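One structure is given below, encoded as structure tokens.
The values are calculated or read from the model by the stated rules, or taken from the named source; none is laboratory data. These numbers were taken from a predicted model, which means no experiment stands behind them. Note that we place each Cβ from the backbone using ideal geometry, even for glycine, and neighbour counts take in every protein chain shown. Heads up: the accessible areas ignore ligands, DNA and RNA and are worked out on the full protein's heavy atoms, side chains in. Shrake-Rupley method; radii C 1.70, N 1.55, O 1.52, S 1.80 Å.
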Amino acid sequence: MIEMKVAGIALDAVTRSPIVLLKDSQERRALPIYIGQDQAKAIISALERQKAPRPLTHDLFVGLMETWEMKLERIIIHSLQDNTFYAILCVRQGEAKKEIDARPSDAISIALRTDSPIWVMEEVIADASIPVDRDADEEERRAFREFVSNIRPDDFSQHKGFKTGGEA
């Protein structure tokens with residue numbers, strides 16, 4: 001799994017649909033997730049730490065968790081099926097831990113309100129992420145190719161000074 005942060009909300013240039021954009025800590029990969037207008041507003045209000053005069057749905061959920069002494073340990077965006085992302089809330093109450101199915105947009109909104117980490121399975125990132133820093137990616141590929149081209153068979157043989165399993 002890779003921890004990601006909310007980079008912001010964008011609009012699709014063609015459909016004008018909102019997209020929540022997650023980025024990894026090195027800002028090498030971005031994961032765009034299409035969401036609805038209401039979900040975009042909820043995420044933006046959490047990002048901007050806005051408080052509604054009355055609790056909205058995500059605020060209500062956080063309030064219930066606090067009242068029942070529950071902690072959101074993290075959210076996990078765990079799969080992508082038929083262009084739909086799936087997420088879970090990993091919640092703890094004392095020693096009890098539960099995973100609760102959630103839409104990624106709701107999970108992200110709640111995670112932002114509780115300062116909880118957002119994790120994404122590597123398979124999801126491999127399937128749906130977009131590169132952000134192509135130069136760094138190319139430099140990494142170049143360095144790997146150079147490393148592989150310089151490997152010699154004796155690099156894998158036993159080195160002097162190392163002992164095998166039976167030696168003392």
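Quick notes on this one:
- The residues of the range 1-84 expose, per residue, 66 Å² of accessible area to a 1.4 Å probe.
- Computed over the range 15-86: relative contact order in percent, which uses C-alpha pairs under 8 Å that are six or more apart: 18 percent
- Within the accessible area of the range 1-155 (1.4 Å probe), percent carbon and sulfur: 51 percent
- Qualifying chymotrypsin sites (Phe, Trp or Tyr not before Pro) for the range 1-94 [loop in DSSP, other Cβ within 10 Å: at most 14]: W68
- Residues whose placed amide H lies under 5 Å from that of V132, excluding near-sequence neighbours: R29, A30
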